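Structure record follows, encoded as C-alpha cells.
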Amino acid sequence: MLNSDIMKQYPVVNIGDGILHYVYGDHALHNLAPHQFYRTSHVFIELPKRYFVLKRSCITPNKWEAAVSCNVLVGEGYKDAALRAVKNSLGLNIIQEDLWEIDKICPDKTGRKAFITLFAYLLSDNEEFKIDNKSVKELVIRKLSDITNDVQNNPDNYSEEFMASFALFKSFY
C-alpha cells in the first residue's frame, strides 16, 4: 500500500447514499460491513464515429474498464471525483459543463458494494491524453460495436463495475 493511499479518506454510505462514517485507504473500502457501501465515478470517453476509450488499470491489469474510474473522496461530489480522475489519469482538463451525467447505479443483491455514477465525455479532435503510467496500464480506442460484441462473447475480460456501467450506458445510447 502506498503512503498516498493511506492518506485518502472516503465516505462510507448507507443504501440511501447517506454518509455513515469515513475510512482511510482504498483497502478499507473492500472490507466494509454488510449494508455499508462506497461511492465511485466512471467516465466513458467517446470519440467521433462511435469510438470509445477503454483502459486496463495497474490495479486490475487483466480487466478492461471505463476510460476513467475512481473512488469519491471525502468532500467531493461524484462529478468532482470524475473531473479529478480524468485530469490525474489521462491529463485532460475538462470543465463540468462538458461532463454529462448519465445515471447512478445503486448497490444490488449480487454483493456489489459501490454506488456508481456514470458520466460521458466527448473528446474533441485537438485534445491529447497525457497518461499517468502509475495508474493506467493500457489504453485503447475501440468501436462501440466491437466492444458490445466482445462484452457478449468474453465477459470475463471486463470488470464487474464496467459490465454494470456499460449495460446502463447502452440503455441510454
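The values are calculated or read from the model by the stated rules, or taken from the named source; none is laboratory data. Predicted, not measured: the structure shown is a model, and the values here were computed from it. Every residue, glycine as well, gets a Cβ built from its backbone with ideal geometry; the counts of neighbours run over all protein chains shown.
So here's what we get for this one:
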{"item": "All positions within segment 110-141 that are farther than 17 Å from VAL86 by Cβ, charged (D, E, K, R) and touching a helix residue (DSSP H, G or I) at 6+ places or on another chain (Cβ under 8 Å)", "result": "ARG112, LYS113"}
{"item": "Enumerated strands (runs of 3 or more DSSP E) restricted to segment 88-173, each holding at least 3 residues that are more than 29 Å from PRO11 (Cα to Cα) and modelled with pLDDT of 90 or more", "result": "136-143"}
{"item": "Flag for LEU54 being crowded, with 17+ Cβ neighbours inside 10 Å and not in a strand (DSSP E or B)", "result": "no"}
{"item": "Neighbours by Cβ (under 9 Å, 6+ apart or cross-chain): first from segment 90-102, in contact (Cβ under 8 Å) with a residue 40 or more places away in the chain and under 13 Å from PHE119 (Cα atoms); second aromatic (Phe, Trp, Tyr) and assigned to a helix (DSSP H, G or I)", "result": "ILE102/PHE169; ILE102/PHE172"}
{"item": "In segment 151-162, the residues that are in contact (Cβ under 8 Å) with a residue 12 or more places away in the chain and either more than 14 Å from the chain's Cα centre (by Cα) or more than 23 Å from ARG84 (Cα to Cα) (or both)", "result": "VAL151, ASN157, TYR158"}
